[in-house]
Each structure stands twice: as structure tokens, then as C-alpha cells.
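Here is the structure we will look at, set down as C-alpha cells.
The values are calculated or read from the model by the stated rules, or taken from the named source; none is laboratory data. From a predicted model like this one, the values you see are computed outputs, not experimental measurements. Positions of Cβ are generated from backbone atoms using ideal geometry, with glycine treated the same way; all protein chains shown enter the neighbour counts.
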Amino acid sequence: MTTTIPTPLALIAELTHRCPLHCVYCSNPLELQSRGLELSTEAWSRVLREAAEAGVLQVDFTGGEPLARPDLVELVRAARSAGLYVNLITSGLPLDERRLADLATAGLDHLQLSFQGLQEDSAREIAGTRALEQKLQVVKWVRAHRIALTLNFVIHRQNLERLEEMIAFGEASGAGRLEFAHVQYYGWAFANRDRLLPTRDQVDRSIALLQQAEARLRGKVRVEYVVPDYYAKYPKACMGGWGRKLMLITPSGDVLPCHAAHIIPGLRFDNVRDKPLREIWNSSEAFQKFRGEDWMQDPCRSCDRRAQDFGGCRCQAFLLAGDPAATDPVCTLTPRRQIVEEIIAAANATPAAPVPAKLDWLYRPNPS
Amino acid sequence: MNPEMHAQPRLAPGCRLSEPNRAPRMLQMPERALRLNGPSLEIVERCDGRRTVQQIISELQKIYSKAEPERVEKDILGYLALLHEQGALEFPAEDAAERK
């Protein structure tokens, strides 16, 4: 292996898989980890220091719902004293103004609030619980405490008709950043894909609307969006390249190159209980497996784009083509693109319903 | 926008300098970070909501006394405008005026 080891920039810390929401596109694994397996406050504090020493600049506290951890304020303080930029990714549900004030005092830099939609009924259809009213309250508190705020809207077949309303709401909310993320198909979203995958017409209209919003609000509100890669010509640079910038730690301390890497058969992960984080980043089998270019097959191996998109997503290659070392099948340069074409054709065979019907979703449960 | 000389720029919520004991120094922002070199660090460190743009320019002109003062001023104004456009910098008085 001749690949030089890059410096990690960000740590995604999945503090818990417990969550009051049951979103049908949750990025957590289908097999959720139970509370009893979660790392202690002391273990996380040590890991945060090790991350900063390895070069990490930012920690994203996420879950499940990170506010389900009673020690979150303590963990924010530990991250700040390690010198990290602290981001909280939350549904906002188990939050009150007192706890937000404590988080701000502890050094929380930024809060990302997820929205499932702006109608209580349709948002509830996605999240499996009532949440919207509380989220609107959280926006007010966050602004009052001058914490930087990003609103994150996950968009898909069932809510794209209301995109303009989401943009207008985001603009009026006072948030500094708006993120519109088309669903990515892993885990729960993969299981619910036929109900989430938009039509080509929906995708084209959404990109046009988001481009307009981005230009109109420039210098005022940052508008960022993730395009749905099934409809793209080339794959996304998943995680900025395998083991190049990011790492994810699960509630029980396994260190993964991305959210979904556990689905790849035979990949072995190291745990922060057993080894220092830098050693895991540098040399664990899971990180080394798809680092650099040695693992690539054609067409990636000889492609000019390989340093731009790193062959796309390993998990998607496994999910769609059955081979984690294959070119990401969304790439139009691989014959396996045919797999994606067939999925898209099915999604476009029927128009998206103007009013979302009650659908037969697979909801994400809570771990024991 | 062109920053007013009497404005007192400060970092926007969610934007701050990385800790002094960590090299290289960065301006950290939601989902990104800017690496700061000598002059850009000198400027950002002075965006404290108290110093005016004029004061920041004067202080930098002293530090970089070998450079042309006009050039230093122009570079600073350009850099402040860039940070404002990126959402990293607020000019409280002007932002209030814009809202009226």
C-alpha cells in the first residue's frame, strides 16, 4: 500500500441510536445499537481529545437524537476544551430553552435542525410522530441565543411539490444556512425507496428552484443542496473520499469510514475502547480497504475523474451491484448504470401524487 | 458592499477563530473553515465588534509599514467585504440600517 494517510477533518459522533422520531429515510443502520452498549461520558471525552490531536477540526454530534444523552452538555464542553468546532444535528424534540442555554454556555457553535416538512400531517407521515410545532419553537430560542442555525430539509417524492414553501419558510426563519438534501438510498431509505424516489420532472424542477434561491439569497442566507445521485451523470465524491476527510463513530465506539460501511460484507471495524483513534484512522482494515486508488476497477482505474469523485460510493456499489469495489452504478461510464436506469424507469412510470397518500412505510423503531 | 470606515465588524454567530494552540489557525464556520495566513489572521483577530474598520486599517498599516498604505487599505476592505459576503462577518450598525 503506497497511499499516504491524509489528516481527518471532521468526526461524526453518533452518540446514541435512540430517537423520538421514526423517519422512513433515517441514516442509522437497520440493526440499531441499544442504550446498554453506548460509550460513557469519559470514553467520549477521551475520544474527542484524541480526535483533535489527530487533526480533526469539527465534531458533529448526531444520533439518533443526541439530546437523548443526558450528558450532552458535558460532551459539548469536552469537545470545546479539546479545541473542536461543535455542531449539533438534532430534531429539536427533547429540547427546552434552559437546556439550550446550557449548551450555548458549554460552547455549542452551531445547531442543525431537521425538518420533515411544514405540514403537521405530512411531516408526521415521514417522522411517525408530531414534531413541527416544537421545531418552530426551537428556531425562536436558537435565534434568541445567537447560536448559528442551519435548517435541514430532507426532500423526496412526497414533499417536493412543497419545496417553494420550504424555501420561503427558511428565508423568513432567520437561519444563516439552508440545506436541502435529496434522500440518499441506504438503510431505511433503501427499504422505502420506491415511495421516496422522485420523478425526473420533480428533480429538474427542484434543482431549478434551488439554483434560483441560491442566487437570490446570496450574501444573506447560504442555500446548499444535495442532488439525487440516481439522476446524476457522475457519482458523488462520497464522504470526500474513503478515509480521506471524515470518520464516524457509532454509539458503541466502532469507527467507520461512513454511515453505511457496516453493510459491506467482511469489513472489520476497530473500536475506540481497544485502540487510540489515530491508530484506527491510520491503519484499521476498514479505512485502508478503499483508501487511495489501488482497489479501483475499470472504468474508474483509468478515468480522469477518479481524483474528483474517488469512484463514488462503496456502499452504493455493494447495494446496487453486489460488489463494493465496483464503480458506483450511478456513473454513466459504467455498464452497470443499467441497474440505476431500471430503478429510475420504475419511479417515472407513475406520476408523483399531488397529495401524499397514506403509504405503507417501514418506520425506524427505537432500540431497546 | 463596501464597509463603512466607522463600522465595527464582528464575527457572525457560528464563526470563530480556532484555538491559539492549534496550528494552522483557521476561521471556523458552519460546515467549512478558512485557513488564515499572517495578514488575514491579523485582520480577523481585530474584528471584535469594538474596533472600527478605520482602526483596523491603521493598525495593519503600522504592522505592514513597508507596504503602500493605500494598498493595505484596499486589501483590507476587499477582505472584509468577502467575509461579509460569505456570512462570516457582521457590521452591526449597517445590518440594522439595512433592515429599516
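Below are the figures for this structure:
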{"item": "Selected residue (only one of B:L77, B:L17 is surrounded by fewer than 20 Cβ atoms within 10 Å (Cβ to Cβ), in contact with a strand residue (DSSP E or B) (Cβ under 8 Å, 6 or more places away or on another chain) and either touching a residue at least 12 places away in the same chain (Cβ under 8 Å) or within 27 Å of A:G240 (Cβ to Cβ) (or both))", "result": "B:L17"}
{"item": "Cβ pairs under 7 Å, 6+ apart, first in segment A:1-16 and at pLDDT 95 or above, second of a type in the set (S, T, N, Q) and not in a strand (DSSP E or B)", "result": "A:E14/A:T250"}
{"item": "Residue among A:L57, A:L111 that alone is crowded, with 18+ Cβ neighbours inside 10 Å, in contact with a helix residue (DSSP H, G or I) (Cβ under 6 Å, 6 or more places away or on another chain) and within 26 Å of B:L17 (Cα to Cα)", "result": "A:L111"}
{"item": "Any hit, segment B:40-62, residues being free of Cβ contacts under 8 Å to residues at least 60 places away in the same chain, among the basic types (K, R), touching a Gly at 6+ places or on another chain (Cβ under 9 Å) and surrounded by 14 or more Cβ atoms within 10 Å (Cβ to Cβ)", "result": "no"}
{"item": "Qualifying positions in segment A:102-147 - touching a strand residue (DSSP E or B) at 6+ places or on another chain (Cβ under 6 Å) and of a type in the set (D, E)", "result": "A:D109"}
{"item": "Yes/no for B:E59 being more than 14 Å from chain A (Cβ to nearest Cβ) and either assigned to a loop (DSSP other than H, G, I, E, B) or over 23 Å from A:V223 (Cα atoms) (or both)", "result": "yes"}
{"item": "Qualifying positions in segment A:76-135 - in contact (Cβ under 8 Å) with a residue 40 or more places away in the chain, away from every other protein chain (no Cβ under 14 Å) and either assigned to a helix (DSSP H, G or I) or of a type in the set (D, E) (or both)", "result": "A:E97, A:A101, A:S122, A:E125, A:I126, A:A127, A:Q134, A:K135"}
{"item": "Tally of residues being over 13 Å from the mean Cα position of the chain (by Cα) and within 11 Å of chain A (Cβ to nearest Cβ) across segment B:2-24", "result": "9"}
{"item": "Residues of segment B:25-39 satisfying the condition of being away from chain A (no Cβ under 14 Å) and surrounded by fewer than 14 Cβ atoms within 10 Å (Cβ to Cβ)", "result": "B:N37, B:G38"}
{"item": "Positions within segment A:263-315 being assigned to a helix (DSSP H, G or I) and aromatic (F, W, Y), in sequence order", "result": "A:W281, A:F287"}
{"item": "Selection count, segment A:193-243, where residues are among the aliphatic types (A, V, I, L, M), within 17 Å of A:Q308 (Cβ to Cβ) and crowded, with 20+ Cβ neighbours inside 10 Å", "result": "1"}
{"item": "Residues located in segment A:138-147, provided they are touching a Gly at 6+ places or on another chain (Cβ under 8 Å) and either at pLDDT 95 or above or assigned to a helix (DSSP H, G or I) (or both)", "result": "A:V138, A:V139, A:R143"}
